[in-house]
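Trainee: Pasting a structure below so you can have a look.
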Amino acid sequence: MDCLFCKIVAGEIPSKKLFEDEQILAFYDIQPQAPVHFLVIPKEHIASAQDLKAEHGALLGHIFETISHLCDQLGCENGYRVVTNVGEDGGQSVHHLHFHVLAQRSLAWPPG
Ligand code: 5GP
Ligand code: ZN
């Protein structure tokens, strides 16, 4: 499959990894939008949050627990934002489920 993040999972495209296990991968975004900006993805190809089912519950719990641990390690005690963009209007450019984690600056709300 021609998917950028599947290629990152396979090691065909290099990435700056923060955490990896059999289910998920966390790596820094190539175009950071905040002093800390990393992505957490399932290794399994899921196109977006629109394709999530109840059976993905444990995977999602694992992703959010990992985000919490990484934010502890990276010193994001002042807070952070977790975002997943879906589809064209959501601004999704890579069609493999990913959670952006943005931290270490004050983030505006609502987003543009
Ligand atoms: P989206 O726009 O789909 O919500 O987010 C995709 C993100 O992937 C963007 O923030 C973009 O900077 C990041 N990205 C795109 N290509 C690469 C890449 O090759 N490596 C890394 N580390 N991030 C990428
Ligand atoms: Zn993929």
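Trainee: Compute the Cα gyration tensor for the chain, then decide on rounded, prolate or oblate, letting a ≥ b ≥ c be the square roots of its eigenvalues: rounded whenever a/c is under 1.5, prolate when a/b is larger than b/c in the other cases, and oblate in all that remain.
Mentor: Rounded, because the longest to shortest axis ratio a/c is under 1.5.
Trainee: Stretch residue 55-residue 104 to full length: gain in nm at 0.36 nm per residue minus the Cα-Cα span?
Mentor: In short, 14.3 nm is gained.
Trainee: Moving on. Name the residue, out of 58, 26, 34, whose mean-square fluctuation peaks in a Gaussian network model built on the chain with Cα pairs under 10 Å.
Mentor: 58
Trainee: For segment 70-112, report the translational diffusion coefficient in µm²/s to the nearest whole number, using Stokes-Einstein at 20 °C, 1.002 mPa s, and a Kirkwood Rh over Cα pairs.
Mentor: Estimated diffusion coefficient is 181 µm²/s.
Trainee: If the elastic network links every pair of Cα atoms under 10 Å, which of 56, 45, 95 fluctuates the most in the Gaussian network model of the chain?
Mentor: Between 56, 45, 95, it is 56 that shows the largest mean-square fluctuation.
Trainee: So how strong a dipole does the chain carry about its Cα centre when Lys and Arg Cβ are +1 and Asp and Glu Cβ are -1, to the nearest 20 debye?
Mentor: 300
Trainee: What FRET efficiency do you get for residue 6 and residue 82 if R0 is 22 Å and r is their Cβ-Cβ distance, rounded to the nearest 0.05?
Mentor: So the FRET efficiency works out to roughly 0.50.
Trainee: Run lengths n ≥ 4 of DSSP H only: what is the helix-derived mean residue ellipticity at 222 nm for the chain, with -39500 (n - 2.57) per run over all residues, to the nearest 500?
Mentor: -7500 deg cm²/dmol
Trainee: Within the accessible area of segment 20-112, what % is carbon and sulfur when the probe is 1.4 Å and the other protein chains stay in place?
Mentor: For segment 20-112, the apolar C and S fraction of the accessible surface comes to 49 percent.
Trainee: Just to be sure I follow the definition: excluding the sites themselves, where is the longest run in the chain that has none of the trypsin sites (Lys or Arg not before Pro) in a DSSP loop with at most 10 other Cβ atoms within 10 Å?
Mentor: Longest gap between qualifying sites, sites excluded: 54-112.
Trainee: While we're here: Quick one: 3J(HN,Hα) in Hz for segment 19-34, Karplus 6.51/-1.76/1.60 with θ = phi - 60°, rounded, Gly and Pro as x.
Mentor: Whole-Hz 3J(HN,Hα) from phi for segment 19-34: 7, 8, 9, 5, 9, 9, 9, 10, 8, 6, 5, 6, 10, x, 9, 7.
Trainee: Roughly how far apart, in whole Å, are the Cα centres of segment 51-99 and segment 18-33?
Mentor: 11
Trainee: Continuing with this model, one more query. Loop only by DSSP, 12 or fewer other Cβ within 10 Å of the Cβ. Give me the GluC sites (Glu not before Pro) in segment 20-58 that pass, ordered by residue number.
Mentor: In loop regions of segment 20-58 (DSSP not H, G, I, E or B), the sparsely surrounded GluC sites (Glu not before Pro) are 22.
Trainee: Are there cysteines in the chain with no second cysteine's Cβ under 4.7 Å away, and if so, which?
Mentor: none
The values are calculated or read from the model by the stated rules, or taken from the named source; none is laboratory data. On a predicted model such as this, the values are computed, not experimentally measured, just so you know. Neighbour counts are summed over all protein chains in view; Cβ atoms, including those assigned to glycine, are modelled from backbone coordinates with ideal geometry. Each accessible area value is taken on the protein alone, full model and side chains, heavy atoms only, with ligands, DNA and RNA left out. Shrake-Rupley method; radii C 1.70, N 1.55, O 1.52, S 1.80 Å.
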